Amino acid sequence: MKNFVTEIRVSLVMTALLALVLCGLYPVAVLAVAQGFFPSKANGSIVMHDGVAVGSSLLGQPFTEPKYFHPRPSAAGDGYDAANSGGSNLGPTSQELIDTVRDCVEQYRKENGLEPDVLVPADAVTASGSGLDPDISIKNALLQTPRVAKARGMSEADAQEKMQSCIQNRDLGILGEPRVNVLLLNLSLDASKA
């Protein structure tokens, strides 16, 4: 019986100690490092415009007007729903996926005035794994530039220059592809108009 009581006491002490470390000290240390070295990222990378939070640079949101660059399609809930983040889970042989992509290609070509032989970038017609990807490829942005320039009454060269200034390079110089954050680009275009 003495061994049993000792084992229970050791178990309770270890549980309390691990709870203190894992539920108290470790989260406080991570919070302190994050707030100290990466405060914007630790607080959700919120984008402010005229003192108002307009979104996060980490989450895509819908833009449908011709004067804006459009993001990737979203399969998150009813579209860009952060509470229902996720892909469509449709495989490459799914007829539903094939039909959806075909319709998206047709709509993308129509919106951007593209000829039938112009290749449409995959990110323009397929959702990301989260359905909330905030970025588009440079090719996608280049194909949208004439539409945006026309809708804003600016030259294509000026619109392309604005888009080029918003290109984000590979992370750490090697990870991912160069890309354009749609929210930041559209806000930049709105600011230049004002």
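The values are calculated or read from the model by the stated rules, or taken from the named source; none is laboratory data. What you are looking at is a predicted structure, and each value in this text was computed from that prediction instead of being measured. Methodologically, a virtual Cβ is constructed for each residue, glycine included, from the backbone with ideal geometry; neighbour enumeration extends over all protein chains shown.
Points worth noting:
- Filtered residue count, the stretch 160-189, keeping only those that are in contact with a strand residue (DSSP E or B) (Cβ under 8 Å, 6 or more places away or on another chain), charged (D, E, K, R) and surrounded by fewer than 20 Cβ atoms within 10 Å (Cβ to Cβ): 1
- Qualifying residue in the stretch 107-125 (condition: of a type in the set (S, T, N, Q), crowded, with 17+ Cβ neighbours inside 10 Å, in the same structural domain as GLU65 (by TED's automatic domain parsing) and out of contact with any Leu (no Cβ under 6 Å at 6 or more places or on another chain)): no
- Residues that are of a type in the set (A, V, I, L, M, F, W, C) and at pLDDT 95 or above, drawn from the stretch 168-181: VAL180
- Filter result for the condition that a residue is polar (S, T, N, Q) and surrounded by 18 or more Cβ atoms within 10 Å (Cβ to Cβ), over SER74, SER56: SER74
- Counting the residues of the stretch 54-65 that are of a type in the set (A, V, I, L, M) and in a loop (DSSP other than H, G, I, E, B) gives 2.
- Selection over the stretch 135-177 of residues that are farther than 17 Å from PRO66 by Cα and in contact with a helix residue (DSSP H, G or I) (Cβ under 6 Å, 6 or more places away or on another chain) gives a count of 2.
- Residues being surrounded by fewer than 11 Cβ atoms within 10 Å (Cβ to Cβ) and within 18 Å of ARG72 (Cα to Cα) - total across the stretch 143-159: 0
- Condition check for VAL54: modelled with pLDDT under 95, closer than 26 Å to GLU161 by Cβ and among the hydrophobic types (A, V, I, L, M, F, W, C): yes
- For SER128, the test of being within 24 Å of SER57 (Cβ to Cβ), hydroxyl-bearing (Ser, Thr, Tyr) and touching a Lys or Arg at 6+ places or on another chain (Cβ under 9 Å) is passed.
- The helices (runs of 4 or more DSSP H) found entirely in the stretch 1-53 that carry 1 or more residues being within 30 Å of SER188 (Cα to Cα) are 26-37, 39-42.
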